[in-house]
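The values are calculated or read from the model by the stated rules, or taken from the named source; none is laboratory data. These numbers were taken from a predicted model, which means no experiment stands behind them. Positions of Cβ are backbone-derived with ideal geometry, glycine not excepted, and every protein chain shown enters the neighbour counts.
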Amino acid sequence: MNQESKTDLASLDAWITAANSNGAVAVLCGKNGDMDTIGSAIALAAAIPNGLACGLHQDKVAKRICTQLNAPFRFISQSSPNLPKKLGGIICVDAAAPSQIGIDLPASIPLCIIDHHATSDWTLGENDLEINWPARATTQIIHQYLTEYSSNTLTDSVRRLLLAGLITDTGRFRHADKEAFVTAGNILTGSGIDYAEFIESVETESITDSERGAIAAGMARVKSTKAGDWHLMHTYVGTNEGRMCRVLQIAGAEIALVSRHRDGQTRMSARATRSATIRGVNLGHIMKSLAEKIGGEGGGHDGAAGWSGESDRIAAESAFIHALSGIGVEE
């Protein structure tokens with residue numbers, strides 16, 4: 001761990017200590033509710049005496065893992081979040097902008113942002129703190145903090161939450177780097193976790209007949225094309241964009257783009273192979289640039305990102321393809 005990282009963790013510990021002394025500390029998840037944000041929030045809250053992990057949503061994997069572990073988590077309402085009345089601070093994990101939390105944050109409460117996305121749209125005050133590392137998952141940052149400042153918190157249940165977040169956010173390690181594997185090894189060291197058994201529990205996803213039908217319909221609409229130097233496969237579905245992206249990648253897409261339009265809102269999810277990101281593709285930057293050009297919200301990682309807004313679906317897809325076509329291969 002370099003000196004900058006050590007300084008960040010020391011600042012984080014000082015911020016948490018001060019916030020905890022002034023009241024409850026709400027650890028808020030990004031509204032997508034994926035395993036990385038949920039696992040990070042619950043693990044960090046476990047190290048804070050007045051900590052509370054909460055958020056709007058848990059995706060299927062997060063819900064299943066949290067149920068298995070009986071992990072403490074408070075669901076909040078977008079219109080009436082029902083946060084503790086006396087708040088000493090709010091920690092937002094795995095969110096690149098306030099809009100990705102999904103609620104209006106209370107004014108004058110100290111904020112701490114812990115994230116690993118390539119983009120950040122937070123505006124900070126003098127009592128706020130932002131830690132953004134180029135990690136593959138936010139759980140890597142949380143694990144490092146717990147190792148340095150609250151090692152007794154690293155029970156097998158907490159380790160499972162952190163490991164599940166790392167596994168899912170790296171695409172089952174397809175987008176992992178050396179540090180991600182080191183973190184996984186450190187999480188497992190000294191634990192009672194059987195990795196092979198655990199990965200089976202993470203990857204076991206039930207699928208309904210209607211979801212199978214949606215995926216089949218999405219496959220029937222797939223278009224395969226060259227977008228500049230890149231092989232793009234894209235389609236639209238009514239649900240399960242992330243799963244559809246994985247299907248397209250299995251089918252050979254360098255870049256997979258899946259969109260949906262519902263209730264006046266268009267949403268796009270994109271995935272890129274590791275070889276494509278090494279050669280210059282950064283989907284997070286593309287989605288953020290779309291938000292700047294056509295409105296909405298966009299961002300994410302180099303290999304996985306999303307955009308949502310009121311633009312017409314076809315117009316949004318065209319804007320993405322145009323942006324991707326303008327990226328040349330880096331030698």
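For region 113-138, give me each residue that is polar (S, T, N, Q) and closer than 23 Å to residue 88 by Cα.
Within region 113-138, 123, 127, 132, 138 qualify.
If only one of 143, 175 is outside the structural domain of residue 259 (by TED's automatic domain parsing), at negative phi, under 19 Å from the mean Cα position of the chain (by Cα) and not in a helix (DSSP H, G or I), which one is it?
Going through 143, 175 in turn, just one is outside the structural domain of residue 259 (by TED's automatic domain parsing), at negative phi, under 19 Å from the mean Cα position of the chain (by Cα) and not in a helix (DSSP H, G or I): 175.
Just for region 230-252: of the residues that are over 18 Å from residue 319 (Cβ atoms) and touching an Asp or Glu at 6+ places or on another chain (Cβ under 9 Å), which one is surrounded by the fewest Cβ atoms within 10 Å (Cβ to Cβ)?
Per the stated criteria, the residue is 239.
Filter region 74-106 for residues that are more than 24 Å from residue 297 (Cβ to Cβ) and either touching a His at 6+ places or on another chain (Cβ under 9 Å) or surrounded by 14 or more Cβ atoms within 10 Å (Cβ to Cβ) (or both) and give the result.
Selection gives 74, 84, 87, 88, 89.
Consider residue 217 carefully, then state whether it is outside the structural domain of residue 62 (by TED's automatic domain parsing), touching a residue at least 60 places away in the same chain (Cβ under 8 Å) and of a type in the set (Gly, Ala, Ser).
No; evaluated as a whole, the condition is false for this residue.
Test residue 121 against the criterion of being assigned to a loop (DSSP other than H, G, I, E, B), of a type in the set (D, E, K, R) and either over 14 Å from residue 30 (Cβ atoms) or in the same structural domain as residue 292 (by TED's automatic domain parsing) (or both), and give yes or no.
Answer is no for this residue.
Is there any pair with a first residue in region 180-195 that is assigned by TED's automatic domain parsing to the domain that holds residue 155 and a second that is outside any helix (DSSP H, G or I) and surrounded by 14 or more Cβ atoms within 10 Å (Cβ to Cβ) whose Cβ atoms are under 6 Å apart and which are 6 or more apart or on different chains, and what are they?
Between residues of region 180-195 that are assigned by TED's automatic domain parsing to the domain that holds residue 155 and residues that are outside any helix (DSSP H, G or I) and surrounded by 14 or more Cβ atoms within 10 Å (Cβ to Cβ), the close pairs are 180/136; 180/170.
In region 107-124, what count of residues is obtained for those that are surrounded by 21 or more Cβ atoms within 10 Å (Cβ to Cβ) and out of contact with any helix residue (DSSP H, G or I) (no Cβ under 8 Å at 6 or more places or on another chain)?
Summing the residues that are surrounded by 21 or more Cβ atoms within 10 Å (Cβ to Cβ) and out of contact with any helix residue (DSSP H, G or I) (no Cβ under 8 Å at 6 or more places or on another chain) in region 107-124 gives 2.
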